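As structure tokens, the structure follows; a few thoughts come after it.
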Amino acid sequence: MKAAILSILSIVLVVVLIIGNIHWNIREDSPLSPIHDTPVSQEKSSNPESYFSLDYYMGFAKSWPEQAQQVLEAKLSDKKVFHILLVGSDAIGDEKLGLLTPLKEALASKYDQYVTIEHIVYDGTTSDYVSDEAYEALIDKKPDMVIFEPFLLHDNNVVNISTTLTNINEVIKETKESLPDVTFVLMPAHPLYDASLYPMQVSDLEKYAEAEEIPYWNHWEAWPDRKDETVQDYYKELDGDKSIANEQGFEVWSKYLADKLISQ
């Protein structure tokens, strides 16, 4: 009797071991397996080129302008790089404190090497920019998308808004003659507390963008209201009636742009 029980237990043990081994092999092959536990996932994270997925990358670009999405899809299909250029006054900051570094890190974390970003900072008005033909430096970068902060704080009280809009139109026209597939996105600089003329210029910029069917990214939505005193905590005053966003301001601004560029 004991011998029979031992024999049965031995058979059960063998069957359990066989089933367990089969289950483990299936688990290793399953796409739902935890990605952090296997050598395959480590290889994937270190070499995204080997696991390229068009749908994966395009899923992050749902908030992009339609033309930019089309160019991105074409470039990704050929495994080419889509290049974004951030153009603005010193209001957009520099690599140490500004929009570029957080956006560069955010894009790399999702698009890997397939979407890049750099910036051009211009110290002057829109009229200076056009008369200097400074847009040639923009064209030389051959961007696929330009996020343009058109020097409104420099134009403020210096260049009439109608002239500002004419200058913006000239920059876009000259760029598109050389780069017909480029997408422009317009945005203002940081808001100022209880300003009078500047908000009207920004409003006219938004109306211009709507009339010309140019995407307009209104990051002011993410800041405290311009009539709220707390908005002053998001930028710092400089000499000569100038100002620039501080760390808190750039955090709000860059997060807004990152959310536009990376849909979750």
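The values are calculated or read from the model by the stated rules, or taken from the named source; none is laboratory data. Keep in mind that this is a model prediction, so the values were computed, not measured. Here the Cβ is made from the backbone with ideal geometry for all residues, glycine too, and neighbour counts use every protein chain on show. In case anyone asks, the SASA skips ligands and DNA or RNA and just uses the protein heavy atoms, side chains included. Shrake-Rupley method; radii C 1.70, N 1.55, O 1.52, S 1.80 Å.
The heavy atoms of Tyr56 present about 110 square angstrom of accessible area, all protein chains included, probe 1.4 Å.
Protein heavy-atom accessible surface, 1.4 Å probe, per residue over segment 86-181: 43 Å².
Pairs exceeding a 31 Å alpha-carbon distance, out of Lys104/Lys173; Lys110/Lys227; Lys110/Lys207; Lys141/Lys207; Lys104/Lys176: Lys110/Lys227; Lys110/Lys207.
Amide H contacts under 5 Å for Ser63: Ser263, restricted to partners 5 or more places along the chain or on a different chain, H placed in the peptide plane at 1.01 Å from N.
Taking all protein chains together, Ser127, Ser196, Ser89 sort by accessible area into Ser196, Ser127, Ser89, largest first [probe 1.4 Å].
Under 19 Å from a label point set 7 Å out along the Cα-to-Cβ vector of Ser196, the amide N atoms of segment 219-240 belong to 226-229. Net length available on complete extension from Gln69 to Glu95 is 6.7 nm, with 0.36 nm assigned per residue and the Cα-Cα distance removed. Note on surface exposure: Lys80, Lys110, Lys104 rank Lys80, Lys104, Lys110 by accessible area, highest first, 1.4 Å probe. A dipole drawn for segment 93-158 from +1 and -1 charges on Cβ atoms has a positive end, and of Leu97, Phe148, Thr126 the residue lying farthest that way is Leu97.
Of the accessible area of segment 94-177, with the probe set at 1.4 angstrom, what percent is carbon plus sulfur?
46
Sorted largest first by accessible area at a 1.4 angstrom probe radius, with every protein chain in place, the residues Glu247, Glu174 fall in the order Glu247, Glu174.
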